[in-house]
Amino acid sequence: MTVLAHAAVHPGSVLDLHPLSSALGTEVVGLDLSKPVAEPLIEAVRMALDESGLLLFRGQRLKADAQVAISRRFGRLQEVAQKQYQLKGQPLIYVIGNVEEDGRPIGDPSVGRLWHSDQSFLPHPAIGSLLYGVQCPPEGAATLFANMYAAYEALPPQMRTLVGRLHAVHSFSEYYEELRHRDPTQPALTQERRALYPDVIHPLVRQNPQTGRKALYINPGYAVSIQEMPGTTGARLLRDLCDHATREEFVYAHRWQDGDVLFWDNLAVNHKGTSFDSARYVRRMHRTTVAGSAAIYAASMVG
Ligand code: OGA
Ligand code: MN
């Protein structure tokens, strides 16, 4: 049975925190992210994120520079590689959705439609992503989140021991090919971009550097094989583990309202976008991305 295990994990926090679902997530009530936020509150937000992996702030109105300013409090920000989807005048904002300006698409239309963790195809993936719902369709376009701590902890002990010794190959190009397979209008991957993102290896289990809590770090979007296993055996184990991690009890579906800000820890959760009627509705989201580093990555190694 699933209980609100994370409901009791913030004793004495200076923030007003409420669990979002039995699977994961915490709503932070009463914090205006557009105003300067005092350091003790920022510290409390960091702690809440370390505990729950996903935070929601509702009713926000964030100009581009304000979103960058609040995001910076959590680390160095990173421009996304797709320059055509950087917000004009503020390249640290990645525009997502079917939004157009002067008849030209300015948002990435097909982001995140497979379960993934942002940038797991990089040697030092982004630690966090802050996604602001500027304009959200009234139906569809939910974003799903899976609790990778709970998924790890629910594995039988022998399986935890096994996965603790394994490493997965994460591949940007295979993910891209799968997306193209689903949406043939996507342009082919250029040699340049392919060369920019060679396959990388990550352990199947990483830990939160602050709390030491272990999470299953794989996702069906990018993780394609297991280094220590023959191709099909590894691929099957990955598929089984990913199926396990997206069982209903580990998943929260966020139905967006304008002004919602979600901030997630890419080590703690996998996520996935879902479709909406893009002929009827406009969707506009602004994402800032908190960069990883060699030091943060090293601190997430178990043992
Ligand atoms: C992302 C992402 C999915 C969505 O912003 O990283 O995967 O529903 N978004 O917009
Ligand atoms: Mn994503």
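The values are calculated or read from the model by the stated rules, or taken from the named source; none is laboratory data. Computed from a predicted model, the values in this text were never measured in an experiment. Methodologically, a virtual Cβ is constructed for each residue, glycine included, from the backbone with ideal geometry; neighbour enumeration extends over all protein chains shown. When the accessible area is computed, the model is the full protein with side chains, heavy atoms only, and any ligands, DNA or RNA have been set aside. Shrake-Rupley method; radii C 1.70, N 1.55, O 1.52, S 1.80 Å.
What to note about this one:
- Screening the range 100-110 for residues that are of a type in the set (D, E, K, R) and in a strand (DSSP E or B) and picking the one that is farthest from V134 (Cα to Cα) gives R104.
- Residue match in the range 152-161 (condition: hydroxyl-bearing (S, T, Y) and touching a Leu at 6+ places or on another chain (Cβ under 7 Å)): yes
- Count of the range 114-136 residues which are within 10 Å of ligand 2 (Cβ to nearest atom) and either within 9 Å of the chain's Cα centre (by Cα) or under 14 Å from Q78 (Cβ atoms) (or both): 6
- Any hit, the range 133-147, residues being on the phi > 0 side of the Ramachandran plot, open to solvent by less than 60 Å² (accessible area, probe 1.4 Å) and at pLDDT 95 or above: yes
- Enumeration of residues in the range 194-207 that are charged (D, E, K, R) and either closer than 30 Å to E51 by Cβ or not in a loop (DSSP other than H, G, I, E, B) (or both): R194, R206
- Checking each residue in the range 251-303 for being more than 16 Å from ligand 2 (Cβ to nearest atom), open to solvent by less than 10 Å² (accessible area, probe 1.4 Å) and within 29 Å of N98 (Cα to Cα) picks out only G259.
Here is a yes/no grid of residues against (1) over 17 Å from P125 (Cα atoms); (2) not in a strand (DSSP E or B):
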residue	(1), (2)
V169	no, no
S173	no, yes
E192	yes, yes
P209	no, yes
A215	no, no
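- One residue stands out among those in the range 87-111 that are open to solvent by less than 10 Å² (accessible area, probe 1.4 Å) and small (G, A, S): the one that is nearest to ligand 1 (Cβ to nearest atom), which is G97.
Yes/no matrix, rows are residues, columns are (1) aliphatic (A, V, I, L, M); (2) closer than 30 Å to V169 by Cβ; (3) touching a residue at least 24 places away in the same chain (Cβ under 8 Å):
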| residue | (1), (2), (3) |
| --- | --- |
| R61 | no, no, yes |
| Q78 | no, yes, yes |
| K83 | no, yes, no |
| Q86 | no, yes, no |
| I96 | yes, yes, yes |
| H116 | no, yes, yes |
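- Scanning the range 20-67 for residues that are in contact with a strand residue (DSSP E or B) (Cβ under 6 Å, 6 or more places away or on another chain) and small (G, A, S) yields a total of 8.
- Under the condition of being farther than 20 Å from L241 by Cβ and touching a residue at least 40 places away in the same chain (Cβ under 8 Å), the residues counted in the range 120-173 number 22.
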